[in-house]
Amino acid sequence: MNDDPNIKKASPIEDRAAPARTNDGEAKIVGRFDANQSQHIRDRQKARSNMMGIILLGLCVLFFAITIVKIGVWG
Amino acid sequence: MEQALTHDHYIPADWRDFWALTKPRVMSLVVFTALCGLLAAPESIHPVIGFTAILCIALGAGASGALNQWYEADIDAKMKRTEKRPLPDGRMAKQSALHFGIGLAAFSVLVMAVAVNYLSAAILAFSIFFYAVVYTVWLKRSTPQNIVIGGAAGAFPPLIGWAAVSGDVTIMPILLFAIIFLWTPPHFWALALFIKSDYGNAGVPMLPVVAGRRSTRNQILYYTVPMLFAAMMPFILGYVGILYGITAAVLNGIFLIFAVHVWRNDSDDSAAMQPEKRLFAFSIAYLFILFAVLAADNMVGFAKVVYL
């Protein structure tokens with residue numbers, strides 16, 4: 001199923017763009033990519049990070065509310 | 001780090017692609033029927049816990065959708081309706097979809113167990129397993145009855161909603177389960193009739209592909225009749241009031257008329273399949289209205305008897 005010819009293969013990062021970081025956090029560039037592609041990836045990572053932040057914040061609020069309900073403060 | 005980057009690394013998928021993996025439109029119907037099951041239950045639930053239960057059901061449905069798309073990427077790539085999904089379109093690595101599906105499934109079941117109750121969590125876990133494994137992996141590619149048995153997966157949400165409130169399963173939630181279970185074949189076979197070539201190209205043994213359109217139209221009518229009875233049973237048994245009874249009778253009448261129109265249609269041309277398209281569209285409205293009225297009926301207190 002992985003090799004099905006009908007499925008377009010997602011582009012390996014080294015072919016299109018590869019913003020990466022070393023273990024000490026410095027930006028590390030691997031592979032061929034241009035400025036637009038780099039920007040595209042950074043934008044996407046930023047959007048994902050923002051979305052993850054919103055979801056985590058929502059879950060924090062939800063779990064807090066569940067806890068309050070479970071200990072009986074809210075009836 | 002250097003070594004890791006030499007392996008297959010993919011441009012991170014957009015968060016909208018993860019959202020698309022959850023099949024949001026299917027999820028909306030799941031959330032709605034679950035909410036109706038929750039509201040139709042005879043007891044009350046704290047709004048925060050009720051919200052959590054619905055959220056978990058939605059996440060469970062999303063997990064099922066993601067696992068389904070992970071496994072069916074090859075089929076999806078062959079059908080016009082699904083070829084633009086994130087996996088067949090190459091916007092996401094398959095492994096990401098698998099991890100996302102498993103993570104979401106585990107999270108939804110765990111939160112349901114901790115915050116709501118174990119029974120609803122167990123039914124949720126079983127429904128995810130049923131859709132992702134029994135239907136997707138086993139039935140869909142092997143039998144034209146895939147929709148009939150697999151329809152059970154979509155019938156669980158009101159049962160879970162009910163169990164989240166009451167902590168048990170009685171006759172009424174089983175009737176809700178039966179309504180969706182029996183509704184699924186006419187709904188999907190009406191769709192399959194006018195997109196038969198798509199399923200045929202993908203090698204999915206949907207009934208119109210395997211048994212032909214005549215047989216499918218007969219089967220639609222055969223399943224419609226018990227569905228109509230199931231829809232009336234809550235009223236006949238006195239679990240709901242006259243509001244539901246009248247609405248169900250009217251909706252049943254329209255559904256039966258549309259099903260008979262489909263049964264009388266002999267066309268093999270998709271362009272001439274207005275009865276099938278009409279039945280498919282109405283079947284969605286049918287379920288929405290029926291469950292909405294069921295919940296409304298219970299909330300305004302028309303129910304005549306104490307629930308068993």
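Couple of notes before you dig in:
- Count - residues of segment B:254-280 that are within 17 Å of B:Ile179 (Cα to Cα), open to solvent by 30 Å² or more (accessible area, probe 1.4 Å) and of a type outside the set (Phe, Trp, Tyr): 2
- Scanning segment B:229-251 for residues that are without any contact (Cβ under 8 Å) to a residue 40 or more places away in the chain and surrounded by 19 or more Cβ atoms within 10 Å (Cβ to Cβ) yields B:Phe235, B:Leu251.
- Every residue from segment B:76-129 that is of a type in the set (Phe, Trp, Tyr) and within 11 Å of chain A (Cβ to nearest Cβ): B:Phe107
- Restricting segment B:21-75 to residues that are hydroxyl-bearing (Ser, Thr, Tyr) and either surrounded by fewer than 20 Cβ atoms within 10 Å (Cβ to Cβ) or within 11 Å of chain A (Cβ to nearest Cβ) (or both), the residue that is nearest to B:Ala292 (Cα to Cα) is B:Ser28.
- Index of the failed condition, A:Ile54 passing every other in (1) more than 30 Å from B:Ile49 (Cβ to Cβ); (2) more than 8 Å from chain B (Cβ to nearest Cβ); (3) at pLDDT 55 or above: (1)
- Taking the conditions (1) modelled with pLDDT under 85; (2) under 19 Å from B:Ile284 (Cβ atoms) in turn, B:Val204 satisfies each one other than (2).
- Residue count, segment B:99-124 (criterion: hydrophobic (A, V, I, L, M, F, W, C) and open to solvent by 40 Å² or more (accessible area, probe 1.4 Å)): 8
- With a requirement of 2 or more residues that are under 16 Å from B:Cys56 (Cβ atoms), the helices (runs of 4 or more DSSP H) lying completely within segment B:81-199 that satisfy it span B:94-111, B:118-129, B:146-166.
- If the condition is being in contact (Cβ under 8 Å) with a residue 24 or more places away in the chain and open to solvent by less than 60 Å² (accessible area, probe 1.4 Å), then segment B:138-149 contributes B:Lys140, B:Thr143, B:Pro144, B:Asn146, B:Ile147, B:Val148.
- Selection of segment B:201-215 for residues being in a helix (DSSP H, G or I) and buried (at least 17 other Cβ atoms within 10 Å of the Cβ) yields B:Ala202, B:Leu207, B:Pro208, B:Val209, B:Arg213.
- Residue list for segment B:76-93, restricted to those being crowded, with 19+ Cβ neighbours inside 10 Å, over 19 Å from the mean Cα position of the chain (by Cα) and charged (D, E, K, R): B:Lys78, B:Arg91
The values are calculated or read from the model by the stated rules, or taken from the named source; none is laboratory data. Being a predicted model, the structure only gives us computed values, none of them experimental. Glycine also receives a Cβ, built like all others from the backbone with ideal geometry; neighbour counts cover every protein chain displayed. Only protein heavy atoms, including side chains, enter the accessible area calculation; ligands, DNA and RNA are left aside. Shrake-Rupley method; radii C 1.70, N 1.55, O 1.52, S 1.80 Å.
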